[in-house]
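What follows draws every value from the coordinates through simple rules; no lab data is involved. As the structure is a computational prediction, the values presented were derived from the model and not from experiment. Cβ coordinates were reconstructed from backbone atoms using ideal geometry, including for glycine residues, and neighbour counts include every protein chain displayed.
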Amino acid sequence: MKKRLSFLERAAAVPHLVWTLLFIIGPLLFVLYFAFTDNDGAFTFANIAHLSSYAHIFFVSICFSVVATAFCLLIGYPLALAMARAKPSTQKLLLVLLMLPMWISLLIRTYSLMTLLDNGGLVNSLLRAMGLAPWHMVGTGGAVVLGMIYDFLPYMVLPIYTSMTKLDKRYLEAAADLGCNPCQTLFRVTLPLTAPGIFSGITMVFVPSISTFYISQKLGGGNFDLIGDTIERQFQYTSTYHIGAAISLVMMLLIIASVAIFGRFADKEEEGMLA
Amino acid sequence: MNNTLIKLCSIDKSFDGERVLCGIDLDIHDNEFVTLLGPSGCGKTTTLRIIGGFETPDEGEVLFEGERINDLPPYRRPINTVFQKYALFPHLNVYDNVAFGLRLHKVPEEEIATRVREMLEMTGLKGFENRRPATLSGGQQQRVAIARALINNPRVLLLDEPLGALDLKLRKDMQNELKRIHNATGITFIYVTHDQEEALSMSDTVVVMADGKIQQIGSPTDIYNEPVNAFVADFIGESNILDGVMQKDRKARFAGQTFDCVDGGFAKNEPVDIVIRPEDVDVVPVEKGMLSGTVTGVTFKGDYYEIIVDVGGFKWMIETSDYVAPDAEIGLYIEPDAIHVMKKSEYSGKFGDYSTFSEEMDWISDPDKEVSEDEETTLLS
Amino acid sequence: MKTLSRVYMWVIFALLYAPILVLVIFSFNKGGSLASYTGFSFKWYGELFRDSVALDSLKNSFLLAVFSALLATLIGTLAALGLDRMRNKMLKSAVESVTNIPMMNPDIVTGVSMMLLFVAFGAILGLRDTLGKATMLIAHTTFSLPYVILSVLPRFKQFDKTLREAAQDLGCTPMQSFLKVELPAILPGVLSGLVMAFTLSLDDFVISHFVSSPDFQTLPLYIYNQTAHNVKYSMYALCTLIIVTILALLLVINFAGDFGKGKKRKEGAKK
């Protein structure tokens, strides 16, 4: 069924192609260029080699992100399950409730959490009113992880919830029919069948966690340097663009690698579901 | 009825190197109700789409009143289509769907209003003007699709399996309805279906197609009574198709016997295919029969019994009004005019034996492959 | 079991909303303390509306969101049309995956990479301050594009191709059939892409942080600067206003989405 295409149909994608080349491919090439050159524009591996001195920052960032992602999954999965089991009319409301925080600026959410947890904040004033010792939270690693969990939890819940609503109820009935108790059904049927949602949730929490700088600035009180903070600082001065580009490049590769691994899992699960 | 409206001259068409139409020659006359009939993949829909202008033939010519229209786009052809799944515009209500063509031709709104009203009345859709297609039943959508096409007063109406999505009862009603509309408007209808009953009951002319070729063109009675080859005989109605030899004019030999028949004009001892319709075989006591065999299956069909009789290894299907017990020995009697003799063709030996009888035989998607091999092996064993 | 899961769900939602609610409530606080509520007042709102920098950045944000959303929707819708008609499968999937890069990449990398491009180009062209309005428009359009395409392309793919033939059968030229039949079918996707691009642009901080200059501040950049050191109470008022606006927008989107879905469900039921 070969159809003659009109000029419009043939030319329609051209502006986008040009835009993509200029502003998506182009910038990435510049990252590559800066990562492998020095201030005089000469080729060098020095920037990459220099990264070893940032090893502990990478380590802390990865640890924080992994912990935050794990907590998001532990809190988020039961939440998605509870949402999916609610009445359809309630589910609509719940979905709006879940999505509203995703649309509110991360700055506002982080800031509101910080003002709540701050030494002079509401939590501590309540503690004081109850005659308890104030709890110094802002500036600890725990607060940074809590900030990540608080900010990114909806990104974990949404894809899991979506994959649960797509789940055919007959699978659950079949499992019950074959003798699974509710708990066994959860672990043997629901969990494997919602794995694609879990993997996409993990990516959606892990990627922003590992690249954040505002959360660590606000809730870490400047005590914790994460990859994001480091990159952000390098780009305040022209002279450190090259090292900043190198760190960005490595982080990007790190993320692409982990997303690819998770993506492969997710795809396989989906294929399995189809077959 | 006599002047040729559309003429297809040796049309060839391939998709991705696969030949779907091969030398199609067809004349369609004014006022005619023509049905393109065949199993899926036979090329009937492609033929229709070439007439509609949605496909261009690789070779050959499409003539409309003697003028070549191969490259005329669909919107310049005085032809309208009722699409398989109706293709009603979901964003428009019934009125706007029906008025669509007239608006494009800048017909004044008052005239549109009158004509839409008339058309909706004719198709029994009065009162549905403001409904969206999605809120209508299949039958109602069907009527909107017909109204939307007919309101443009096309010279030709193309219908691509229009009743395929409807249930049996509704299909019968719509068949009558379409026949009525055809008579009332006098527009040429070209109708595509794989349902032989539909084709026989509605058409003036039936075009039987298989494997991208026209097998036979004729009136419904011709097609049923005088099939040209084993494919047509099998596809239209039920038939027993046997290998035979034409010993001389009006003497055919098959199933180990020589029979009187009414056909002639074959070479001496020419191998032929013999067709005998199940309702043309009479069940008689063994001693009075021309052939005899064992009943292997009996199915009650309401107004008759369908029995399968094993005659020397070949299974016959016979329709009879009297009950016959399974395993009974019976005789078969065949009148000379019930024997129809056909030339051998590429379809010889592929159909006719009921040892693998099943409902699927009505609707073979690929007659070349699996089915025929199955049949051959059962014939051998 | 059922009660337990329901209680759990509402507790999590309560925790999720607690900080935001506290912020909203304290934006109406008469006093300047985060710890105690001393009475209702619009004081901080008044202060906010007297802050010309805040109002300027609001205007900047709005204009930037409008223009980048329109530009992204135009380019993205055309791109979706082109991708839908594209016969070269390799090119098509290549374009689709490159388009998605800004969606997959962390914002900070997108921001940094665009900044490098702009600064390097500025240096080549001999400009002193490349960063500003123009670079913001480019950046916002770029990161909105994949979302627009993502919302329009499926509409093209779902579009029943026989409707196009039906339109031509009834006398439409290909252009007329595109405008009268195909465009109405994809319009909901275009609109939701537009709204999405608009909100993404309003919301973006990280990428803007790298590609803008102090002369061109958007609302998130302003909030960032204001919250960098000490707490300013007018920020509570600003955040509250933003939250209310987003809530209203979200309800509109949800309503519009429901409308489309409801229609589709009915059609599905008929089949």
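So what is the relative contact order of the range B:4-225, in percent, for Cα pairs below 8 Å that sit 6 or more residues apart?
Relative contact order, the range B:4-225: 30 percent.
Give the longest segment of chain A that steers clear of chymotrypsin sites (Phe, Trp or Tyr not before Pro) in DSSP loops with at most 10 neighbouring Cβ atoms within 10 Å, not counting the sites themselves.
No qualifying site falls inside A:46-236, the longest such stretch.
With a Cα-only, solvent-free Debye model of the range B:181-326, what are the log10 I(q)/I(0) values at q = 0.10, 0.19, 0.22 Å⁻¹?
Summing over Cα pairs of the range B:181-326 leads to -0.45, -1.21, -1.37.
Report the FRET efficiency, 1/(1 + (r/R0)^6), for A:Leu21 and B:Asp27, where r is their Cβ-Cβ distance and R0 is 51 Å, rounded to 0.05.
0.35
Find how much the distance from C:Leu125 to C:Lys161 grows on full extension, using 0.36 nm per residue of separation minus their present alpha carbon separation; answer in nm with one decimal.
8.1 nm
Taking only Cα atoms, what is the 0 to 90° angle, nearest 10, from helix C:183-203's long axis to the longest principal axis of chain C?
Helix C:183-203 sits roughly 20 degrees off the main axis of chain C.
If a helix is a whole DSSP H run, which ones in chain A reach 18 Å or further along their own axis (Cα) and hold a mean Kyte-Doolittle hydropathy of at least 0.0?
Correct list, ordered by number: A:55-85, A:88-103, A:141-166, A:195-211, A:241-274.
Report, in deg cm²/dmol and to the nearest 500, the calculated mean residue ellipticity at 222 nm for chain C, where each DSSP H run with n ≥ 4 adds -39500 (n - 2.57) and the sum is divided by the residue count.
Dividing the helical sum by the residues of chain C leaves -26000 deg cm²/dmol.
Which angle from 0 to 90°, rounded to the nearest 10, does the C-alpha axis of helix C:107-125 make with the longest principal axis of chain C?
80 degrees
Within the range B:310-346, which chymotrypsin sites (Phe, Trp or Tyr not before Pro) sit in a loop by DSSP and count at most 14 neighbouring Cβ atoms inside 10 Å?
B:Tyr323
Could I get the Rg over Rh figure for the range B:4-225? Both from C-alpha atoms, Rh via Kirkwood, rounded to two places.
Reported Rg/Rh, Kirkwood definition of Rh: 0.97.
I need the Debye-formula profile for the range A:55-274: one equal scatterer per C-alpha, no solvent, reported as log10 I(q)/I(0) at q = 0.08, 0.14, 0.16 1/Å, two decimals.
Debye curve over Cα of the range A:55-274, log10 I(q)/I(0) at q = 0.08, 0.14, 0.16 Å⁻¹: -0.37, -0.96, -1.12.
Counting alpha carbon pairs within less than 8 Å and at least 6 residues apart, what relative contact order, in whole percent, applies to chain A?
With pairs under 8 Å counted, the relative contact order is 26 percent.
Let me check I've understood the local charge: for B:Asn176, count other residues with C-beta under 14 angstrom from its C-beta, Lys and Arg +1, Asp and Glu -1. What total comes out?
Within the 14 Å Cβ shell, the charges total +2.
Who wins for biggest fluctuation among C:Gly171, C:Gly31, C:Gly76 in a Gaussian network model of chain C, springs between alpha carbons below 10 Å?
Among C:Gly171, C:Gly31, C:Gly76, the largest GNM mean-square fluctuation belongs to C:Gly171.
In the Gaussian network model of chain C, springs joining C-alpha atoms below 10 Å, which of C:Ala237, C:Ala79, C:Ala185 carries the largest mean-square fluctuation?
For chain C, modelled as a Gaussian network with Cα springs under 10 Å, the answer is C:Ala185.
At 7 Å along the Cα-to-beta-carbon direction for both B:Asn176 and B:Lys288, put a label point, then send me their distance in nm to one decimal.
Once both label points are built, they end up 4.0 nm from each other.
Return the inverse of the average 1/r over all pairs of distinct C-alpha atoms in chain C, which is the Kirkwood hydrodynamic radius, in Å to one decimal.
21.9 Å
With loop defined by DSSP as not H, G, I, E or B, and exposure as at most 13 other Cβ atoms within 10 Å, which is the longest segment of chain B clear of exposed GluC sites (Glu not before Pro)?
Here the longest segment lacking exposed loop sites spans B:66-345.
Could you give the Stokes-Einstein D for the range C:107-146 in µm² per second, using the C-alpha Kirkwood radius, 10 °C, 1.306 mPa s?
Once the numbers are plugged in, D ends up at 151 µm²/s.
Which of B:Thr46, B:Thr123, B:Thr185 ends up with the largest GNM mean-square fluctuation for chain B, with Cα atoms connected below 10 Å?
B:Thr185
Where in chain B lies the longest segment free of trypsin sites (Lys or Arg not before Pro) that are both loop residues by DSSP (not H, G, I, E, B) and have at most 13 other Cβ atoms within 10 Å?
B:127-267
For the range B:48-118, take every pair of Cα atoms, bin their distances at 10 Å starting from 0, and report each bin as a whole percent.
17, 38, 30, 14, 1
What whole-number distance in Å separates the alpha-carbon centres of the range C:44-95 and the range B:58-104?
So the separation of the two Cα centres works out to 40 Å.
Tell me the Kirkwood radius of chain B: reciprocal of the mean inverse pair distance over distinct alpha-carbon atoms, in Å.
23.1 Å
For helix C:2-26, report the angle its Cα long axis makes with the longest principal axis of the Cα atoms of chain C; keep it between 0 and 90° and round to the nearest 10°.
Long axis of C:2-26 versus the principal axis of chain C: about 60 degrees.
Rounded to the nearest 0.05, what FRET efficiency is calculated for A:Ala55 and A:Ser89 with R0 set to 45 Å and r the Cβ-Cβ distance?
So, using R0 = 45 Å, E works out to roughly 0.30.
Go through the range C:8-112 and name the chymotrypsin sites (Phe, Trp or Tyr not before Pro) that are in a DSSP coil and have 15 or fewer other Cβ atoms within 10 Å of their Cβ.
Loop-located and lightly packed - C:Tyr37, C:Phe42.
How would the range A:1-100 be classified by its alpha-carbon gyration tensor: rounded, prolate or oblate, with rounded meaning a/c under 1.5 and the a/b versus b/c comparison settling the rest?
oblate
If contacts are Cα pairs under 8 angstrom and at least 6 residues apart, what is the relative contact order of the range B:48-97 in percent?
With pairs under 8 Å counted, the relative contact order is 29 percent.
If I take all pairs of Cα atoms in the protein assembly as shown, what percentage of them are more than 45 Å from each other?
The share of Cα pairs beyond 45 Å in the protein assembly as shown comes to 50 percent.
Can you list which of the chymotrypsin sites (Phe, Trp or Tyr not before Pro) found in the range C:69-175 are DSSP loop residues with at most 12 other C-beta atoms within 10 Å?
Here no chymotrypsin sites (Phe, Trp or Tyr not before Pro) fit, given the DSSP loop and packing criteria.
Using 7 Å Cα-to-Cβ label points, what is the C:Leu74/C:Val244 separation (nm, one decimal)?
Inter-label distance under the simple model: 3.4 nm.
Quick one: the Cα spread of the range B:142-211 along its three principal axes, in angstroms, biggest first?
That works out to 33, 25, 20 Å along the principal axes.
Between A:Leu29 and A:Ala70, what FRET efficiency follows from the Cβ-Cβ distance if R0 is 35 Å, with the result rounded to 0.05?
About 0.45, to the nearest 0.05.
For the range C:64-240, what is the number of Lys pairs with C-alpha distance below 20 angstrom, counting only pairs 8 or more positions apart or on separate chains?
Going through the range C:64-240 pair by pair, I get 6.
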